[in-house]
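Colleague: Please read through the structure below; I'll follow up with questions.
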Amino acid sequence: MKHLRFAALCRRDARAPRIIPLIIICVAILFQTVAVSQNEPEVTDTPAEQNDSATPDETPAKPKEAPPNPKYLTGEDPDYAAQFGWPVEYPEPLPGAILPDKRIVAYYGNPRSKLMGALGQYPKDEMLERLKKEADAWEEADPERKVQTALHLIAVVAQESPANKYRRIMPDETVEQVYSWAKESGAIMFIDIQAGQDDVREIIPRFEWILKNPDVHLAIDPEFDMVKSGRVPGTVIGTVDAEAINFASDYLGTLVKKYELPPKVFVIHRFTRNMLTNADKIKLSPEVAIVINMDGWGPPALKRNTYRDVIIREPVQFTGIKLFYRNDTKNENSMLPPRDILRLVPTPLYIQYQ
């Protein structure tokens, strides 16, 4: 557009013969602008990179990475993943660990809302039957790894209202209800926390009464953690630092030792880099299996790009991916099938349906 504006200026000035030198200047600028625009590199930032607010002065220079092998789709190249440290070395899990031997397939949501996910979208029996069908599909796609089903309850829901620090804790009766469904169907359960403007370090101990059970695990959703920004949930994407993650992991590890439990699974949702800061400082332990769950929605290509940017490029321990029955299938797009997800490197061991 720059060179078009300069050409227009030259045409206007050409009507006045007495300013021929200006025409020459305009022509020179035109050719210089075109030359610069032709040499400018193409900007190919993904949405995750565009949300990264770090500046060159704040971020140390990284070694230049080798491009993925073109014979692979995005997220599938093992050599590309190896550049970033995959597979990750981690402490040997304690006996009874779910990961890495099994794959968790979960239904996410809240029984008080049909809009928050599959867990509350259907009546209990239909919901459990649908979950079983998804689990069967995963076992068929990957017969070498057994599936552990899960009910992933949003037990602390972020709110637009400032009451109670922009979050609402579900009544114990709701938690017990979902836990009874999990036990009935042989599933495990996750307590998911959307902290609002409250501190997750204050919220988590509130759930010791249920987390002390061997089949109940924890999840944190940084998207709705507004402590740092001070904003209303849903108006901006929130963030959680590794310091808070390490607190939660240490707390779970303490419960494992105190109640002589098998290892806990700890899920952290992520679809932008800034949702989880200082990921390389997250501590690993035999008592807790940490899963970074890519929970962005969109067409397959976008999900692959986001998986590359926030999972492959920042290894922690285990990985997951969320599949959206509604949002992933907008505009005639299709939801990623198990066979395609199994080609990702690292391969997700936690599959969540919303």
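Colleague: Taking the conditions exactly as written (surrounded by 19 or more Cβ atoms within 10 Å (Cβ to Cβ), in contact with a helix residue (DSSP H, G or I) (Cβ under 7 Å, 6 or more places away or on another chain) and part of a helix (DSSP H, G or I)), does LEU153 satisfy them or not?
Modeller: When the stated conditions are applied, LEU153 does not pass them.
Per-residue answers, yes or no, for (1) touching a residue at least 12 places away in the same chain (Cβ under 8 Å); (2) small (Gly, Ala, Ser); (3) within 30 Å of SER229 (Cβ to Cβ):
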| residue | (1), (2), (3) |
| --- | --- |
| VAL147 | yes, no, no |
| ILE154 | yes, no, yes |
| PRO171 | no, no, yes |
| LYS183 | yes, no, no |
| ALA187 | yes, yes, no |
| GLN197 | yes, no, yes |
| PRO205 | yes, no, yes |
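Colleague: Another one. How many residues does segment 68-107 hold that are crowded, with 20+ Cβ neighbours inside 10 Å, within 30 Å of VAL256 (Cβ to Cβ) and of a type in the set (Ser, Thr, Tyr)?
Modeller: Going through segment 68-107 one residue at a time, the tally reaches 1.
Colleague: Let me ask something else about it. Where residues in segment 221-254 are assigned to a helix (DSSP H, G or I) and among the acidic types (Asp, Glu), which of them is farthest from LYS165 (Cα to Cα)?
Modeller: ASP250
Colleague: Please pick out the residue among GLU58, GLU49 that is surrounded by 15 or more Cβ atoms within 10 Å (Cβ to Cβ) and either at pLDDT below 75 or in contact with a Phe, Trp or Tyr (Cβ under 8 Å, 6 or more places away or on another chain) (or both).
Modeller: Only one candidate passes the filter, namely GLU49.
Colleague: Out of everything in segment 269-291 that is crowded, with 23+ Cβ neighbours inside 10 Å and touching a Leu at 6+ places or on another chain (Cβ under 6 Å), what residue ends up being nearest to ARG304 (Cα to Cα)?
Modeller: ARG270
Colleague: Only residues that are farther than 22 Å from LEU119 by Cα and either assigned to a loop (DSSP other than H, G, I, E, B) or modelled with pLDDT under 95 (or both): list them for segment 185-216, please.
Modeller: Within segment 185-216, GLN197, ASP198, ASP199, LYS212 meet the criteria.
Colleague: Next question, about the same structure. Please find, within segment 190-229, the residue that is farthest from the chain's Cα centre (by Cα) out of those that are surrounded by fewer than 20 Cβ atoms within 10 Å (Cβ to Cβ) and acidic (Asp, Glu).
Modeller: My answer is GLU208.
Colleague: Only one of (1) among the small types (Gly, Ala, Ser); (2) in a helix (DSSP H, G or I); (3) surrounded by fewer than 17 Cβ atoms within 10 Å (Cβ to Cβ) fails for ALA182. Which number is that?
Modeller: (3)
Colleague: Restricting attention to segment 156-173, and to residues there that are outside any strand (DSSP E or B) and within 17 Å of ILE204 (Cα to Cα), which single residue is nearest to the chain's Cα centre (by Cα)?
Modeller: TYR166
Colleague: Could you pull out the residue among LEU151, LEU115, LEU131 that is modelled with pLDDT under 95, of a type outside the set (S, T, N, Q) and in the same structural domain as ASP295 (by TED's automatic domain parsing)? Break it down stepwise before answering.
Modeller: Values: LEU151 fails: modelled with pLDDT under 95; LEU131 fails: modelled with pLDDT under 95.
Criteria check complete, one pass: LEU115.
Colleague: Got at least one residue in segment 306-314 being of a type outside the set (S, T, N, Q) and free of Cβ contacts under 8 Å to residues at least 40 places away in the same chain?
Modeller: no
The values are calculated or read from the model by the stated rules, or taken from the named source; none is laboratory data. No experiment lies behind these values; they were computed from the predicted model shown. Ideal geometry is used to build each Cβ from the backbone, glycine not excepted, and the neighbour counts take in all protein chains shown.
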